[in-house]
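Asks: The structure is given below, and queries will be raised subsequently.
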Amino acid sequence: MRVAVTGREGQLARSLQAIAADSDTEIVCLGRPEFDLAQPGAIAATLAAAEPDVVINAAAYTAVDRAESEAELAHAVNTVGAGLVAEAAARLGLPVLQVSTDYVFDGTAERPYREDDPVSPLGVYGASKQAGELKVAAANPRHVICRTSWVYSPYGQNFVKTMLRLAGGREEIGVVADQRGCPTYALDLARTLLSIARRVAEERAAASPLFGVFHVAGGGEASWADVAEAVFAKSAALGGPSARVKRIGTLDYPTPARRPADSRLDTAKLRAVYGIALPDWRASLGDCVTRLVAPSASLASR
């Protein structure tokens with residue numbers, strides 16, 4: 001299988017490359033400057049030249065707070081760009097996997113969100129991703145919209161790497177404890193996306209249950225403070241940086257964009273249709289921290 005992946009420098013694209021390295025899947029990563037979702041002219045031609053069997057749109061504007069002041073750019077990438085990728089894939093007769101987010105919800109449900117729950121994003125980022133879902137669905141009937149959450153990995157910029165960096169110079173770090181979600185390891189997410197891609201590559205019927213919206217997130221739930229404490233416990237056990245976690249509230253850490261207080265995702269549909277359940281976040285987090293703090297130990301255990 002040959003998969004075109006947009007967002008070449010992102011942590012998900014790099015995770016897809018890492019997972020595919022141990023399989024018979026070939027990843028063709030597309031990115032700027034030749035493939036820029038904010039510059040739509042070359043999208044179709046670049047995808048056609050890649051000659052993929054499936055397209056995974058992992059490119060996104062993900063600066064949640066900056067999006068509040070860069071709404072036009074966020075929508076250019078996450079809404080218009082996503083739709084153009086899906087349209088280009090459709091013209092080539094290809095299915096598209098669109099990576100979306102838990103931020104399409106407002107976090108007031110008080111239970112894990114299902115795929116058919118009403119969306120109500122709180123900020124520009126979530127609104128741009130939700131509008132992108134609609135564009136993708138309208139442009140390509142063979143679409144799989146994969147909503148994920150709280151993604152971290154050994155690559156790029158993410159919460160886990162930030163905590164380890166801050167622990168190098170602080171004894172105590174304030175971390176929000178009243179927002180809950182499903183931490184998702186990008187390597188687990190990548191493995192799942194490739195499994196989905198293999199199934200839909202040969203599925204021609206747009207009405208197949210394989211297509212549609214799915215929640216793809218790590219097992220279990222946590223607050224940001226829970227994740228930070230787990231990061232530091234694992235890092236300390238490996239001889240790496242650690243710090244005390246001071247549990248604070250959202251109001252104690254104001255940000256330009258509002259975050260959903262409870263954006264847990266119900267993944268029952270993914271299990272029912274694809275037979276896939278991502279590992280519990282604690283086990284996956286341990287692997288990520290080991291790769292970052294003690295990479296030689298990580299290699300020895302593989």
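The values are calculated or read from the model by the stated rules, or taken from the named source; none is laboratory data. Predicted model, so just to flag it, every value in this text is computed and none were measured. Note that we place each Cβ from the backbone using ideal geometry, even for glycine, and neighbour counts take in every protein chain shown.
Asks: Output the number of the condition that D36 fails; it satisfies all remaining conditions of (1) surrounded by 23 or more Cβ atoms within 10 Å (Cβ to Cβ); (2) within 22 Å of G93 (Cα to Cα).
Replies: With respect to (1) surrounded by 23 or more Cβ atoms within 10 Å (Cβ to Cβ); (2) within 22 Å of G93 (Cα to Cα), D36 is out only on (1).
Asks: Only one of A190, A217 is in a loop (DSSP other than H, G, I, E, B), within 16 Å of the chain's Cα centre (by Cα) and modelled with pLDDT of 95 or more; which?
Replies: Answer to the selection: A217.
Asks: Which numbered condition trips up Y125, out of (1) part of a helix (DSSP H, G or I); (2) out of contact with any Phe, Trp or Tyr (no Cβ under 8 Å at 6 or more places or on another chain); (3) at pLDDT 95 or above?
Replies: Here Y125 meets the rest and fails (2).
Asks: Looking at the range 248-264, is at least one residue of a type in the set (F, W, Y) and surrounded by fewer than 20 Cβ atoms within 10 Å (Cβ to Cβ)? Explain how you work it out, then say what you get.
Replies: First, the residues of the range 248-264 that are of a type in the set (F, W, Y): 253.
Now drop any that are not surrounded by fewer than 20 Cβ atoms within 10 Å (Cβ to Cβ), which leaves 253.
Yes: one or more hits.
Asks: Among A60, A42, A90, which is free of Cβ contacts under 8 Å to residues at least 12 places away in the same chain and among the aliphatic types (A, V, I, L, M)?
Replies: Values: A60 fails: free of Cβ contacts under 8 Å to residues at least 12 places away in the same chain; A90 fails: free of Cβ contacts under 8 Å to residues at least 12 places away in the same chain.
Just a single option satisfies the conditions, and that option is A42.
Asks: Looking at the range 85-93, can you tell me whether even one residue there is crowded, with 20+ Cβ neighbours inside 10 Å, modelled with pLDDT of 95 or more and closer than 28 Å to F159 by Cα?
Replies: no
Asks: What pairs come out if I take residues in the range 256-275 that are farther than 21 Å from S223 by Cα and pair them with residues that are in a strand (DSSP E or B) whose C-beta lies under 6 Å away, six or more apart or interchain?
Replies: K269/F214; L270/F214
Asks: Looking only at the range 95-116, filter to residues that are hydroxyl-bearing (S, T, Y) and closer than 15 Å to Q179 by Cα; which one of those is surrounded by the most Cβ atoms within 10 Å (Cβ to Cβ)?
Replies: First, the residues of the range 95-116 that are hydroxyl-bearing (S, T, Y): 100-101, 103, 108, 113.
Then drop every residue that is not closer than 15 Å to Q179 by Cα, which leaves 103, 108, 113.
Numbers: Y103: 28, T108: 10, Y113: 25.
Only one residue fits best here, namely Y103.
Asks: Output the residue which, of all residues in the range 236-273 that are of a type in the set (V, I, T) and assigned to a helix (DSSP H, G or I), is nearest to the chain's Cα centre (by Cα).
Replies: The first filter runs over the range 236-273 and keeps only residues of a type in the set (V, I, T), leaving 245, 248, 250, 255, 267, 273.
The next check asks that each one be assigned to a helix (DSSP H, G or I); those that pass are 250, 273.
On the way: T250: 22, V273: 20 Å.
Of everything passing the filter in the range 236-273, V273 is nearest to the chain's Cα centre (by Cα).
Asks: Please specify each residue of the range 159-172 satisfying the condition of being over 14 Å from the mean Cα position of the chain (by Cα) and surrounded by fewer than 19 Cβ atoms within 10 Å (Cβ to Cβ).
Replies: Across the range 159-172, the qualifying residues are T162, R165, L166, G168, G169, R170, E171, E172.
Asks: I've got another one for you. Taking the range 12-35, which residues are part of a loop (DSSP other than H, G, I, E, B) and touching a residue at least 24 places away in the same chain (Cβ under 8 Å)? Steps first, answer last, please.
Replies: In the first step, residues of the range 12-35 are kept if they are part of a loop (DSSP other than H, G, I, E, B); the result is 21-25, 31-35.
Within the range 12-35, S23, T25, G31, R32, F35 meet the criteria.
Asks: Sticking with this one: Could you list all residues from the range 66-99 that are more than 21 Å from W150 (Cβ to Cβ), of a type in the set (D, E) and assigned to a helix (DSSP H, G or I)? Break it down stepwise before answering.
Replies: First, the residues of the range 66-99 that are more than 21 Å from W150 (Cβ to Cβ): 69-73, 75-76, 79-81, 83-96.
Next, only the ones that are of a type in the set (D, E) stay: 70, 72, 87.
Hits for the range 66-99 are E72, E87.
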